[in-house]
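Shown next, in structure tokens, is the structure this report addresses.
The numbers here are math on the coordinates, done by the rules we state, and not lab data. What you see is a predicted model; the values in this text were computed from it and never measured. Neighbour counts run over all protein chains shown; Cβ positions are idealised from the backbone, glycine included.
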Amino acid sequence: MGIEIERKFLVAGEAWRFMGQSIPLVQGYLAGSDQATVRVRIAGDTAFLTVKGRVKNLTRQEFEYEIPVADAEAMMDLCQPRVVEKTRYKIPIENLIWEVDEFAGTNQGLVLAEVELTSPEQFVNLPSWIGLEVSDDPRYFNSYLAAHPYSTWPHGSSAHPE
């Protein structure tokens with residue numbers, strides 16, 4: 001069984017840019033409930049089918065399987081319009097890999113950083129470009145963004161959409 005332990009933050013500024021390798025991602029959601037989501041993702045020339053459980057204390061079950069890209073493309077048609085497009089930058093800092101997602105399409109303007117941990121209590125030295133933590137805010141889950149794109153949020157303050 002896979003376990004994901006992750007913290008998520010808004011990104012402040014541009015200091016992170018050009019620090020790591022990037023890859024375009026497109027992902028769609030085939031099913032979702034209070035207990036789990038089922039996602040298909042195309043990352044460059046690789047594709048995955050992923051099942052993620054509910055988050056509790058920054059932790060959730062995650063099962064991910066590589067699948068043929070042609071299958072993922074066909075499944076992506078089943079996801080419409082619940083699709084998220086983004087470019088992911090992998091930035092190594094100290095002993096961690098930060099993943100910065102710059103969203104495109106209907107979520108353009110949103111930039112999030114995630115870091116996977118070995119335990120929920122693990123200390124993380126935050127880079128200067130890290131902003132507000134949104135780990136516990138379900139509006140920043142990709143499954144939520146697929147159904148409620150960032151472009152539709154009221155933006156009096158992008159850190160606190162109403």
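Some points to look at:
- Theoretical FRET efficiency, 1/(1+(r/R0)^6), r = Cβ-Cβ of A15 and A43, R0 35 Å, to 0.05: 0.90
- When the stretch 41-162 is described by a simple charge dipole with +1 on each Lys and Arg Cβ and -1 on each Asp and Glu Cβ, the residue from V124, G105, A147 located farthest towards its positive end is A147.
- Spin-label pair D34-E116: with each label point 7 Å from Cα along the Cα-Cβ axis, the two points sit 2.9 nm from one another.
- Assuming charge only on the beta carbon of Lys and Arg (+1) and of Asp and Glu (-1), the dipole of the chain about its Cα centre is about 200 debye to the nearest 20.
- Stretch gain in nm, segment R54-F141, where the contour uses 0.36 nm per residue and the Cα spacing is subtracted: 30.2 nm
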